[in-house]
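The values are calculated or read from the model by the stated rules, or taken from the named source; none is laboratory data. Here the structure is a predicted model, which means the values were calculated and not measured. Positions of Cβ are backbone-derived with ideal geometry, glycine not excepted, and every protein chain shown enters the neighbour counts. Protein only, heavy atoms only, side chains kept; ligands, DNA and RNA dropped before computing areas. Shrake-Rupley method; radii C 1.70, N 1.55, O 1.52, S 1.80 Å.
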Amino acid sequence: MDDQISSTTPSYGLQHEEEEEHRADKHVKTLLDEVTDFSLREAEADVQEVDDDILDLAGGAKDALERHRSTLPRTEEPLLDFSDPEPEPPSSSKPEPEAAKPALIGAFGDATTKPTKSEEKEEKTTVTPSKSSCSLVDLLYWRDLQRTGVVFGASLFLLLSLSICSIISVLSYVALALLSVTISFRIYKGILQAVQKSEDGHPFKMYLDKDIAIPTETVHKYSDTVLVHINTVVKELRRLFLVEDLVDSLKFAVLMWILTYVGALFNGLTLLILGLIGAFSWPVVYEKHQAQIDHYYGLVNKQIKDVVGKVQAKIPGAKPKTE
């Protein structure tokens, strides 16, 4: 009996230890299972939260697009459309050409329309005065005192010289004066270069190399303009001398009669001198006293028209022109 008890005791101890280890393994496994389940649940919760955030963002964007679409005009199309396209019904007729779509309006700005070709041409075809007319007006109105003074003084000196001497003498004296100035300046520059031992070259080289030839286009342009004026004057003189209109011919006769008295008092050069002085003085005077001059000019013009009307009424066959 003692032998049996002693032989079974160690086996009972080993069995007990094995049961304890098995219980510990089960406990560890259950703990691991719980930890795994907990981590899985947290991961699923995080994914669910991310999905909810994405859905919220998508829903907010869609609502914003719907609000923007409602503010657009009916003729314009929205930029983006998340709705499913509706199937088009089949039609046997030929497709009609699409109409021109209006310019899309951006989310934060209006559409910019390009100007048409006609508008661009109208903008480009702006009337600009020529340089010659602008320079002439500047001279007559004394915009540049130095330039206008030189032109006016030289022209007046030339006309006064022609009134005293013959044209041949005036041209000869002018040429001699210019030559004396240029030759003296050329000799002075030559001596100065020899003393300073410099190689500046000819003092008038810049003007000698400059092209002063008159372009053919300019000659044709002004010759055509002069020819048009000459033809107009010839036609008008023919109309006046052949008495196409009796009143106009009488007016021309009165003008020629007045000019006979003017010619007895002044010669052509004197008239040119007076015309030059008037051209450089009258614009300035008229600019300063424009209102008074226009008033008196209107009164004089009215009196002249009244006198001409009375004369035409007394002349048989003379009919006033209809305005």
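Gain on full extension, evaluated as 0.36 nm per residue between Leu40 and Leu158 minus their Cα-Cα distance, stands at 31.1 nm. Rounded if a/c is under 1.5, else prolate if a/b beats b/c, else oblate: with a ≥ b ≥ c from the C-alpha gyration tensor eigenvalues square-rooted, which is region 224-323? It is oblate, given that a/c is not under 1.5 and a/b is not larger than b/c.
At 1.4 Å probe size, with every protein chain present, just tell me what the per residue accessible area of region 164-323 comes to in Å².
Values: 13740 Å² over 160 residues.
Ligands and nucleic acids excluded, the result is 86 Å² per residue.
Computed from point charges on the beta carbon alone (+1 for Lys and Arg, -1 for Asp and Glu), the dipole magnitude for region 147-229 about its Cα centre is near 280 Debye.
Among the listed pairs Lys235/Lys305; Lys251/Lys305; Lys235/Lys310, which are separated by more than 19 Å between their Cα atoms? Write down the numbers at each step before the final one.
Working: Lys235/Lys305 26 Å; Lys251/Lys305 13 Å; Lys235/Lys310 29 Å.
Pairs exceeding the cut-off: Lys235/Lys305; Lys235/Lys310.
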